[in-house]
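The structure under discussion appears below in the form of C-alpha cells.
The values are calculated or read from the model by the stated rules, or taken from the named source; none is laboratory data. Note that the coordinates shown come from a computational prediction; the quantities given were computed from them, not determined experimentally. Reconstructed Cβ throughout: ideal geometry from the backbone, glycine too, with neighbour counts over all protein chains shown.
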C-alpha cells in the first residue's frame with residue numbers, strides 16, 4: 001500500500017516514514033501543501049497521513065481539493081490542533097480520522113488499516129482467496145494454513161490483488177502501489193514478484209491476463 | 001477621615017466658645033462699668049447740689065440714695081478726704097485716681113470693681129464700687145446659655161460629617177467588597193458609577209491597572225498555549241522514534257533509531273530553552289535601562305558556545321569592534337548575538353562566511369551580523385519575526401523562535417533592527433541599532 005505522508009517537521013516526518021516502512025507500507029513524504037497537491041495529481045495513493053500546520057497553507061486545503069475532485073482517498077489527519085472544534089472541522093471537511101500529536105504509531109497503523117478497509121468496502125480483517133488467507137492486521141499471509149514467507153513488496157502485491165479480488169489489476173497499478181517517487185523500478189520487477197508469488201502461494205493463485213494485467217479470483 | 005473631620009470640628013467649636021467668652025466678657029465689663037458710672041454720676045450730682053446748698057455733703061441721716069445690690073460709695077474731696085461713706089464702705093479711699101476711671105480692687109476676701117468720678121463744678125469726688133462676682137455670675141449664665149446651642153450644633157455637625165462621609169465612601173466600600181470576593185483571575189473593571197468626584201480618579205486609575213493586568217495575563221496565556229502547541233510536534237517525533245527503535249530488528253537499525261532519538265531530544269531541549277528565554281523577555285521582565293556592557297565579554301562567550309557547530313561546518317566567525325560598549329545587560333546581549341550568529345551558521349553552506357561587527361555612531365551602538373547563506377527573501381522579511389514562523393526553504397533544525405527573541409530584545413532596548421541583502425552575492429545582513437539613552441518607540445524595518 002502506498003501512503004502519502006504530508007508533514008513539514010523533519011524529525012517527525014522521518015520517524016513516521018521509518019515506522020510505516022517497518023509495517024511494509026510504501027511511503028512518499030512531502031513537506032508542503034503544494035507538493036502534496038502535485039503528488040496527488042500524478043499518482044494514486046491508498047491513504048493520506050495529513051498534517052495541518054504546513055508552511056505554505058492549511059492541510060485542510062489539500063483535503064478539500066481531494067473531496068472537491070471526487071477523490072475518495074482515505075485521509076487521517078495528524079495534528080497539534082487539539083480543540084474539539086478543530087476535530088469536528090477536520091472530520092466535516094472530509095477526513096476519515098483525526099489523530100492529535102503526540103500519538104502512538106501503532107494506533108496510526110490501526111487507523112490506517114481501518115480507513116483503507118472501509119474504502120475497499122471490506123469490513124473483515126482477513127481476506128481469503130482459494131487456499132490463501134491474508135491477515136490485514138498482522139500483515140501476514142498463509143497458504144493452506146501454513147505461513148508464507150513474503151518480502152515486503154511481495155506482500156504489497158498480494159494485498160493489492162486480494163483487495164481487488166475478482167478485478168483486473170494492471171501492471172501500472174501494481175507499480176504505482178509498490179514504488180514511491182524516489183524508488184528505482186527495474187523493468188521486469190513486477191514479473192519477478194509475480195513469479196515468486198506463484199512459487200510460494202501456488203500456481204493458480206494469480207491469473208495472468210496477458211497484456212492486460214493480473215487477477216486473483218474472489219472466494220465468493 | 002470622619003474622625004479627623006469631627007475632631008477638627010471640635011477644635012473649631014472650642015475656639016469659637018473661647019472667642020464668644022472673651023467677647024461676652026469684654027462687652028459685659030463695659031456695660032457694667034457704664035451702669036456703675038451712671039450711678040456714680042447720679043450720686044455726685046446730688047452731692048454737688050447739697051454742697052452748693054451749703055450743707056455738709058451728707059447729713060448724719062441715712063444716705064439719700066439707695067444703691068442697687070451691694071454697691072458702696074464714698075463722697076470725698078479731690079485732696080483725698082472722705083466726707084461720706086455708704087454703710088459698709090471702707091474708710092480709706094477706694095481708688096486713688098481723680099479723673100474718671102475704673103479699676104479692680106481687693107477688699108478683704110472679695111474683689112470689687114471701683115470707679116471714681118470728679119465733679120466739674122465742685123471739688124467733690126465720688127468713689128463707687130460693686131462686687132465683681134455679679135459680672136462673673138452674669139458671664140457664666142450667658143456662657144451656659146450659649147454653650148448648650150453650641151454643643152448641640154457640634155453634635156449635629158459631627159453627625160452630618162459622619163453621614164456625608166459615609167455616603168461619599170459607600171461606592172468605595174462597595175468596590176472594596178466586590179474586589180474582596182472576586183476570583184483570582186477576575187480582572188474586570190470596577191463600577192465607577194455614582195462615585196463622587198474626589199474618589200472617581202481612584203476608580204479610573206484602578207480600572208486602568210486592571211485592564212493592563214488583564215492584557216498581561218492574556219498575553220501570558222497565549223504564550224503558554226502557543227508553547228504547548230509547538231511542543232506537540234517534537235514530542236510526537238520522540239514518541240514515534242522510540243517506537244521505531246523498539247521495533248527495530250537489527251542492531252544497526254536500533255543504533256540508527258536511537259541516534260535519531262538523541263538528536264530529537266537535543267532539538268526539543270533547544271526549543272525549550274528558546275521558549276524559556278522568550279518568556280523571560282515578556283512584559284514584566286526587568287531590563288535595567290541605562291546598563292551597558294562591553295561587547296568583548298559577551299562575544300567571547302557566544303563564539304565559544306557556538307564553536308562546535310561552527311567547526312562542524314568549517315565556518316569561521318569574523319569579529320570586529322568588540323572593544324565598544326553596547327547598551328543592555330550581558331544576558332540579553334548574549335541572547336541577541338547568539339541567536340543571530342546561530343541562525344547564520346545554520347543557514348550557510350559548509351565553509352561559509354559569518355561576520356559580526358560592533359560600531360559606535362553618535363549616541364547609538366551598531367551591531368552588524370552578516371553571512372553568505374541564502375538570505376531572506378524580501379517577501380518573507382516582515383513575517384520573519386513572528387513566533388514559530390519558519391522561513392520556507394530555511395535550514396533544518398531551527399525552532400522558529402530565534403528572530404522573535406531577537407526582535408523582542410531590540411524592542412526592550414528601544415532599538416531598531418533591519419534585515420537586508422548584501423551589496424553583492426547572496427546572504428543576509430542584519431543591522432541592529434541600540435540607543436544609549438532610554439527607550440523610544442521601536443521600529444522593525446525590512447529593506
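General observations
- Any hit, region A:29-37, residues being in contact (Cβ under 8 Å) with a residue 40 or more places away in the chain and either farther than 30 Å from residue B:258 by Cα or crowded, with 20+ Cβ neighbours inside 10 Å (or both): no
- Checked across region B:32-52, the condition of being modelled with pLDDT of 75 or more, closer than 30 Å to residue B:152 by Cβ and touching a strand residue (DSSP E or B) at 6+ places or on another chain (Cβ under 8 Å) holds for at least one residue.
- Meets criteria (without any contact (Cβ under 8 Å) to a residue 24 or more places away in the chain and more than 43 Å from the chain's Cα centre (by Cα)) for residue B:395: no
- Check on residue A:31, at negative phi, within 13 Å of chain B (Cβ to nearest Cβ) and touching a strand residue (DSSP E or B) at 6+ places or on another chain (Cβ under 7 Å): no
- Residue in region A:83-91 that is under 24 Å from residue A:24 (Cα atoms), without any contact (Cβ under 8 Å) to a residue 40 or more places away in the chain and within 14 Å of another protein chain (Cβ to nearest Cβ) present: no
- Any hit, region B:112-135, residues being assigned to a helix (DSSP H, G or I) and surrounded by fewer than 15 Cβ atoms within 10 Å (Cβ to Cβ): yes
- Output for region A:173-220, where each listed residue is in contact (Cβ under 8 Å) with a residue 24 or more places away in the chain and on the phi > 0 side of the Ramachandran plot: A:202, A:213
- Just one residue in the set A:18, A:7 is touching a helix residue (DSSP H, G or I) at 6+ places or on another chain (Cβ under 7 Å), facing chain B (nearest Cβ under 10 Å), modelled with pLDDT of 90 or more and within 19 Å of residue A:179 (Cβ to Cβ); that residue is A:18.
- Scanning region A:51-64 for any residue that is modelled with pLDDT under 90 and crowded, with 20+ Cβ neighbours inside 10 Å turns up at least one such residue.
- Residue within region B:226-245 that is assigned to a helix (DSSP H, G or I), more than 11 Å from every other protein chain (Cβ to nearest Cβ), under 23 Å from residue B:402 (Cα atoms) and at pLDDT below 90 present: yes
- Neighbours by Cβ (under 8 Å, 6+ apart or cross-chain): first from region B:304-323, farther than 14 Å from residue B:356 by Cβ; second loosely packed, with under 11 Cβ neighbours inside 10 Å: B:313/B:350; B:313/B:351; B:314/B:350; B:314/B:351
- Residue match in region A:140-160 (condition: touching a helix residue (DSSP H, G or I) at 6+ places or on another chain (Cβ under 6 Å) and free of Cβ contacts under 8 Å to residues at least 40 places away in the same chain): no
- Scanning region B:362-383 for residues that are within 45 Å of the chain's Cα centre (by Cα) and in contact (Cβ under 8 Å) with a residue 60 or more places away in the chain yields B:363, B:364, B:365, B:366, B:367, B:368, B:381, B:382.
- Qualifying residue in region B:91-103 (condition: modelled with pLDDT of 80 or more and in the same structural domain as residue B:129 (by TED's automatic domain parsing)): yes
- Of all positions in region B:270-289, none carries a residue that is assigned to a helix (DSSP H, G or I), touching a strand residue (DSSP E or B) at 6+ places or on another chain (Cβ under 7 Å) and farther than 30 Å from residue A:18 by Cα.
- Any hit, region B:271-291, residues being modelled with pLDDT under 90, within 14 Å of chain A (Cβ to nearest Cβ) and out of contact with any helix residue (DSSP H, G or I) (no Cβ under 7 Å at 6 or more places or on another chain): no
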